[in-house]
Every structure is written in structure tokens, then in C-alpha cells.
1. Considering SER114, SER148, which residue is surrounded by fewer than 21 Cβ atoms within 10 Å (Cβ to Cβ), more than 16 Å from ligand 1 (Cβ to nearest atom), at pLDDT 95 or above and small (Gly, Ala, Ser)?
2. On the basis of being in contact with a Phe, Trp or Tyr (Cβ under 8 Å, 6 or more places away or on another chain) and of a type in the set (D, E, K, R), does ASP335 make the cut?
3. Which numbered condition in (1) closer than 26 Å to LYS265 by Cα; (2) more than 25 Å from the chain's Cα centre (by Cα); (3) not polar (S, T, N, Q) is the only one that PRO320 fails?
4. Would you mind listing the helices (runs of 4 or more DSSP H) fully within segment 1-66 where at least 1 residues are more than 16 Å from ligand 2 (Cβ to nearest atom) and over 26 Å from PHE212 (Cβ atoms)?
5. Which residue, of GLU140, GLU167, GLU198, is open to solvent by 20 Å² or more (accessible area, probe 1.4 Å), within 15 Å of ligand 1 (Cβ to nearest atom), touching a strand residue (DSSP E or B) at 6+ places or on another chain (Cβ under 9 Å) and not in a strand (DSSP E or B)?
6. In segment 240-256, what count of residues is obtained for those that are more than 15 Å from ligand 1 (Cβ to nearest atom), on the phi < 0 side of the Ramachandran plot and open to solvent by less than 50 Å² (accessible area, probe 1.4 Å)?
7. State yes or no: is ILE54 open to solvent by less than 20 Å² (accessible area, probe 1.4 Å) and within 15 Å of ligand 1 (Cβ to nearest atom)?
8. Restricting attention to segment 263-292, report how many residues are within 13 Å of ligand 2 (Cβ to nearest atom) and either outside any strand (DSSP E or B) or over 19 Å from HIS135 (Cβ atoms) (or both).
Amino acid sequence: MASTVRVDLDGNEVKAMTICMIGAGGFIGSHLCEKILSETSHKVLAVDVYNDKIKHLLEPQTKQWVERIQFHRINIKHDSRLEGLIKMADLTINLAAICTPADYNTRPLDTIYSNFIDALPVVKYCSENNKRLIHFSTCEVYGKTIGSFLPKDSPLREDPQFYLLSEDASPCIFGPIEKQRWSYACAKQLIERLVYAEGAENGLEFTIVRPFNWIGPRMDFIPGIDGPSEGVPRVLACFSNNLLRGEPLKLVDGGESQRTFVYIKDAIEAVLLMIENPARANGHIFNVGNPHNEVTVKQLAEMMAEVYSKVSGEPALEQPTIDVSSKEFYGEGYDDSDKRIPDMTIINRQLGWNPKTSLWDLLESTLTYQHRTYAEAIKQATAKPVASS
Ligand SMILES: NC(=O)c1ccc[n+]([C@@H]2O[C@H](COP(=O)([O-])OP(=O)(O)OC[C@H]3O[C@@H](n4cnc5c(N)ncnc54)[C@H](O)[C@@H]3O)[C@@H](O)[C@H]2O)c1
Ligand SMILES: O=c1ccn([C@@H]2O[C@H](COP(=O)(O)OP(=O)(O)O[C@H]3OC[C@](O)(CO)[C@H]3O)[C@@H](O)[C@H]2O)c(=O)[nH]1
């Protein structure tokens, strides 16, 4: 347990609280649980259908915090225990969602239910019981940039007015309904509007987080090792899988889309600031990303190949990348966000937060983890059986 008194950004003591964390067993949840347990005195009621990624925090060996975390295996779609847990807590953080793009166009109903319908009771219970809510949305609510509709050679594309994504000014621009990729963004937008309306009409104390491609250890799964062989995780795990297997990295539609990547450990610092500074965080929507880590997906692939070769000692791939169409890779109805640069004005002003880690450094630590965790398992899974004489 952290022994020193914690103070907020205004110098006031932060009292220990109980946090109901829904989706605690996922990528972000596992890092947030680790941070809360190791640096604060808060208690965590961890809700999820899985706990593999937080097993190390639940085992009796981790005695120093075993009293401060309880795992509840609950599917929030249908479990009457949820309201009781929200009532027991001072704060609820909702991370639960289907949030892998391969699902948005292939399982649009599950995607909409997960991101909108299943989140409704969480918002309702928080509002009715006067409990604070931190709800996880996404940078995808911005959709495409205004600049993407300009001619390719227009100089206006270089003007931040046409690409910078600002919480209180940018529009949400999605494609047509038949492009089911946008089922996720649209569901997230509607739940944001509902949370905001509960704040405006019923006084719900809320914070909405819009993560911009947080990446790091424990993100998603490696197909055929700790997830389904045919599964398609997010890009970090797709490219890690290719590198671990020594095969070219697949660039969807040439890998021209641009992303900004932020290290999970930097982003978690921002969430802890929100948790411990309600007076500065309530009523706000926050972009959480790293505007300095922008690359095209092709550049990301090339950098990952270089970093992986360095940390694994494996020779560089002869053919590092291969092009694949989005239809072939994701199926009918896929579409993409062209560019995602977060405006940092609000999070700087309210919480004084800035990311620290460069893309190279975060890839170095993440790919070291991927190599250490999976290389042996991949070797065994792909080893040819020795013919018996
Ligand atoms: N990682 C990112 O960069 C990123 C970017 C944008 C938005 N987000 C948002 O952040 C949140 C967390 O993302 P993540 O990357 O940790 O994803 P994740 O898939 O690793 O974690 C989500 C967790 O929610 C759990 N869950 C889903 N449905 C549930 C249900 N019905 N009942 C109980 N548990 C359920 C899953 O089992 C999983 O452990 C999501 O809301 C996502 O939309 C993440
Ligand atoms: O093997 C691959 C996998 C993906 N791509 C392309 O990379 C881009 C990023 O893909 P990904 O990280 O999977 O997802 P997105 O950034 O598009 O969407 C996420 O953003 C935030 C979140 O809400 C939750 O994490 C989610 O929706 C993309 O252009 C892919 O086409 C590739 O080329 N090769």
C-alpha cells in the first residue's frame, strides 16, 4: 500500500476511495488496476468476464494489495449484481466494450449492443445513485477529418483547422450506413450524448475519455496462441504476430492512414489524474493521445520491423510488408479514419497532463515484452513434428 498522503493538483488530500472498474480484465483495465494498486490506497471492485490479464494482481502472492482488489466475474448484459457494486463504490469507470475494428463491420449488432445498450444501465445506476462516472469513449467519434474531403493536393490539408480533433469544436464525420465500420463510432457517440445529457438534466458527475490509439504490453492477443487462430486484433498485435512468425506485415489499402500512438503507461497517468481530481475532471470530455507520435501505418510497420529485429536479435525481414485490400482483410463494409491528431488544449488546461514516451521507445519496450512472452510459444506451435522412423 502507498504510505504517503496523496494530494490532488490543488494541494488537497486525496482520500482513499472504492472504484468499480467495469472491463478491468482488458488491456487498459489491467494497466489501470496495476497503477491504482501500486501507487494509491484506493480499492478496486474489478468487473469483467475474463481475468487472465489481471491474474498476477489477484494471486495470494501479491499480498500487499490482496485486500484492495476483488474480482467479480460478471457479464454486464445480464447481471443484477451490477447495481449493488456501483452503489458500494465512490466512482465507476466503464471500460467494457467490443472495440476491435474487425468486429465493427462483421458483428455490427454485437458492436452496437456492447457500446450503447449494455452501457445504458451503468449510466442509469450512476445517475440514480448519485455516483461519479468515468466513461471510456474513443477518438473514433471524430470519424474522418474535414481535410479528407479536400482535393489530395489542397494546401488547406496542412492547416490544423482541417485536421486537428478538438473535443468542443470538431464535428463527428462518419461514412454511410452501409459502411458498417461506423457502427462502433456511432454507438460511442450516442452513449457520450446520453452521459452528457444525464449530466445536464439530472446532475450526473461524469468524465468522458477519448483514447487515441493507446498501445503497450497485454494489448489484445496473438492469434493461435492466446486468442483464436482466425481472430484479427488491433494493429499492434497484428504486426507483432507477423513479426513473431517471421512473415511480412500486412498493409491495409497500402497503409496510408495516419495514427498517433501513445504509450499505455503515459495514458494511465492521465486517467489517474482524472480519478483524483474530480473538481477539474467532472463535466469534461478529454482527448488522451500523443500528437508527437504521428506515423502512417506503413511507417509504423517499418519501424516495428526495425525495432523487433533489434530486440529479438532476429535478422531483418527480406520483405517487411505486403499490401492487402481492406475488403480482403476486414470484409465488406470496412472504412477508415484518415488521420487522428488530438488537440491537447483541454487536458493541458484542466490536468496539466502531457505524454512523455516517443514512438521508438514505446515500441522498444512493447516488442521486448512481446518477444519474451510469445516467441517460444510460437516456435513450439509452428515446429514441424519429427517423422518417426
Ligand atoms: N486501447 C485503445 O487505444 C482504445 C482506443 C479507443 C477507445 N478505447 C476504449 O477503451 C475501453 C477499453 O479498451 P481496451 O483497449 O482495454 O479493450 P479490451 O477489449 O482489452 O477491454 C475491454 C474489456 O471489457 C470486457 N467486457 C466487454 N463486454 C463485457 C461485458 N458485457 N461484461 C463484462 N465485461 C465486458 C472485456 O472482456 C475486456 O476485458 C473500451 O471502451 C474502448 O472502446 C480504447
Ligand atoms: O494488420 C493490420 C491491421 C491494421 N491495419 C490498419 O492499421 C490502422 C489501425 O488499426 P487498429 O489499431 O486495428 O484500429 P483503428 O486505429 O482503426 O481503430 C481503433 O482506434 C481506437 C479504437 O476505438 C479502440 O482501439 C479502435 O476502433 C487501420 O488503418 C488499419 O486498417 C493494417 O494496415 N494492418
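1. That would be SER148, the only listed residue that is surrounded by fewer than 21 Cβ atoms within 10 Å (Cβ to Cβ), more than 16 Å from ligand 1 (Cβ to nearest atom), at pLDDT 95 or above and small (Gly, Ala, Ser).
2. Details: in contact with a Phe, Trp or Tyr (Cβ under 8 Å, 6 or more places away or on another chain): yes; of a type in the set (D, E, K, R): yes.
The answer is yes for ASP335.
3. Among (1) closer than 26 Å to LYS265 by Cα; (2) more than 25 Å from the chain's Cα centre (by Cα); (3) not polar (S, T, N, Q), PRO320 violates only (1).
4. Details: elements: 27-39, 55-58, 63-66.
So the answer is 55-58, 63-66.
5. Working: GLU140 fails: open to solvent by 20 Å² or more (accessible area, probe 1.4 Å); GLU198 fails: within 15 Å of ligand 1 (Cβ to nearest atom).
From the options GLU140, GLU167, GLU198, the qualifying one is GLU167.
6. 8
7. Values: open to solvent by less than 20 Å² (accessible area, probe 1.4 Å): yes; within 15 Å of ligand 1 (Cβ to nearest atom): yes.
So ILE54 passes the test.
8. Filtering segment 263-292 down to residues within 13 Å of ligand 2 (Cβ to nearest atom) leaves 264, 267, 287-289.
Cutting the leftovers down to either outside any strand (DSSP E or B) or over 19 Å from HIS135 (Cβ atoms) (or both) gives us 264, 267, 289.
Residues that pass the stated criteria total 3.
The values are calculated or read from the model by the stated rules, or taken from the named source; none is laboratory data. None of these values were measured; they are calculated from a predicted model. Cβ atoms come from the backbone with ideal geometry, glycine included; neighbour counts cover every protein chain shown. Remember, those area values only see protein heavy atoms, side chains included, never the ligands or the DNA or RNA. Shrake-Rupley method; radii C 1.70, N 1.55, O 1.52, S 1.80 Å.
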